[in-house]
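The values are calculated or read from the model by the stated rules, or taken from the named source; none is laboratory data. Computed from a prediction, not measured in an experiment: that's the story for all the values here. Cβ placement follows ideal geometry from the backbone for every residue including glycine, while neighbour counts extend to all protein chains displayed.
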Amino acid sequence: MRLTIFILSFLLLFSACSQKIYNTPDVPGFQTSDYEPLAINARKLVIIQNWKMPAVEPFKEHLIQPNSASVLSEWASNTLQPAGSSGELTLDIRKASIIITDIQQADSLANQFKDNQQKRIEVEMAGQLMWIQPVTSQTGFLDARSISSTTVAESSTTAEFDAAVQETILAVLAGFDRKLREEIENLNGMLLR
């Protein structure tokens, strides 16, 4: 009897020591160094947030910090650098939404033993950049829109979920940045070289 208790205790101790320890993932954040500044032929930058957070299901941007609108504003402040002696550059944020929805699960018995995808995260950013240069009588209206989504498994921790949300926001920001840079470079006189 003692031998059985000793063996069970040993096995219990051994199995506890062999459990995998999960590290909490690092939640990525916006880094200004990831985006090269653009010298814009304008005297000042104005950021207008026309996107009003609905604060109703399935929109969740009011619960996420930092949310997509603040990340987009910070990106604009650090990337779109006014370097001219006249003119104005206005970023009108039209949409900066985060939608989190539940994914319907099949009712089969086999699916009960799988790590299914539980939530879908969708982030969208849309904005218009208006450039007015009165000295040379040049103007430009540039539109950019980027959208991305990802799913999160049932077994995800809160930290893993937060990391997935921030990764999706940064992926959308990268797409927004890429689209706007293409349009800025194609507009004659907007970019100072």
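Points worth noting:
- Top-ranked residue of the stretch 48-107 - restricted to ones that are acidic (Asp, Glu) and within 16 Å of the chain's Cα centre (by Cα), ranked as farthest from residue 176 (Cα to Cα): 61
- Leading residue by the ranking (nearest to residue 27 (Cα to Cα)) among those in the stretch 144-166 that are among the hydroxyl-bearing types (Ser, Thr, Tyr) and crowded, with 18+ Cβ neighbours inside 10 Å: 156
- Matching residues, the stretch 75-108, being buried (at least 16 other Cβ atoms within 10 Å of the Cβ), of a type outside the set (Gly, Ala, Ser) and part of a helix (DSSP H, G or I): 75, 79
- Count of the stretch 135-165 residues, restricted to those that are within 19 Å of the chain's Cα centre (by Cα) and either without any contact (Cβ under 8 Å) to a residue 12 or more places away in the chain or assigned to a helix (DSSP H, G or I) (or both), is 8.
- Residue within the stretch 104-120 that is touching a residue at least 40 places away in the same chain (Cβ under 8 Å) and aliphatic (A, V, I, L, M) present: no
- Given (1) surrounded by fewer than 17 Cβ atoms within 10 Å (Cβ to Cβ); (2) more than 14 Å from residue 79 (Cα to Cα), index of the condition residue 169 fails: (1)
- Test for residue 183: is it more than 25 Å from residue 59 (Cβ to Cβ), at pLDDT below 95 and assigned to a helix (DSSP H, G or I): yes
- Counting residues in the stretch 138-158 that are among the acidic types (Asp, Glu), more than 22 Å from residue 77 (Cβ to Cβ), touching a Pro at 6+ places or on another chain (Cβ under 9 Å) and at pLDDT below 95 gives zero.
- Enumeration of residues in the stretch 34-51 that are surrounded by fewer than 18 Cβ atoms within 10 Å (Cβ to Cβ) and either within 15 Å of residue 123 (Cα to Cα) or of a type in the set (Asp, Glu) (or both): 34, 36
- Criterion (surrounded by 10 or more Cβ atoms within 10 Å (Cβ to Cβ), modelled with pLDDT of 95 or more, within 30 Å of residue 141 (Cα to Cα) and out of contact with any Asp or Glu (no Cβ under 9 Å at 6 or more places or on another chain)) met by exactly one of 61, 122: 122
- Of the candidates 81, 112, 128, 105, the single residue that is out of contact with any helix residue (DSSP H, G or I) (no Cβ under 8 Å at 6 or more places or on another chain), modelled with pLDDT under 90 and on the phi < 0 side of the Ramachandran plot is 112.
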